[in-house]
Amino acid sequence: MENFCLMLFELLLLASIVSSAFIFLKFKKRLKNLEDIEKDNFLLKGRIKEMEQDFSARENTYKHNLSTLQESFKLERESIQEKKIEIQTKEKDYENTIVKLQEKLSEQQELKAKVVSQKKSSEVRLGHIAETLAPFLDQFEFEPEQCSFLGQPIDYISFGEEEVTFIEVKSGNSQLNSKQRHIRNLVKDKKVNWKEIRIK
């Protein structure tokens, strides 16, 4: 019995040793895993810290760039506003200048119309004077005593010894009107007749 108890004790002791060794190995393995985890955790913390620093640097860069862009945009908007005001001012100045020029042009046109009217009136008066004085001028080839003044549509008719002549006096650059040209063409085509009318 004593041997059995001793054997049982040895078995229990052996089982306890094996169990302890197994637990120790398992614990050692877990301890190693824990160390690996702690090492990985340390590396991960370092990586996270680096990423945070990198993110912070990028964030600062983005903030700086954003601030620069906002400032540039603000200056550009102010510049555009100033240019807009300048353009509006110039536009008003140009509009005022155009109005003044149109007024001056209108005045000049009225003045020109008056001058042209006066010139035409003067030319007409000079033409009438020239028509009246024509028989007494050196350029007049006919005898004044043989000429009769009509005025319209032909100025004079000369009743010469050998022919009857229709005379139109023109001064300056004046031209025959359509009716006068028609009469001239009839005379040149010898479509001139004599008609005697007797009244009882």
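The values are calculated or read from the model by the stated rules, or taken from the named source; none is laboratory data. Here the structure is a predicted model, which means the values were calculated and not measured. Heads up, the Cβs are rebuilt from the backbone with ideal geometry, glycines too, and the neighbour counts pull from every protein chain shown.
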Could you tell me which residue of the range 1-36 is farthest from the chain's Cα centre (by Cα), considering only residues that are surrounded by 10 or more Cβ atoms within 10 Å (Cβ to Cβ) and of a type in the set (S, T, N, Q)? Ser16
Filter result for Lys200 (loosely packed, with under 14 Cβ neighbours inside 10 Å and more than 60 Å from the chain's Cα centre (by Cα)): yes
Among the listed residues Phe55, Phe73, Phe140, which satisfies the condition of being in contact with a strand residue (DSSP E or B) (Cβ under 9 Å, 6 or more places away or on another chain) and either among the aromatic types (Phe, Trp, Tyr) or part of a loop (DSSP other than H, G, I, E, B) (or both)? Phe140
Give the residues of the range 120-134 that are within 30 Å of Glu162 (Cβ to Cβ) and either of a type in the set (A, V, I, L, M) or at pLDDT 75 or above (or both), sorted by residue number. Ala130, Leu133, Ala134
When residues of the range 185-200 are filtered for being more than 13 Å from Val164 (Cα to Cα) and not β-branched (Val, Ile, Thr), how many remain? 8
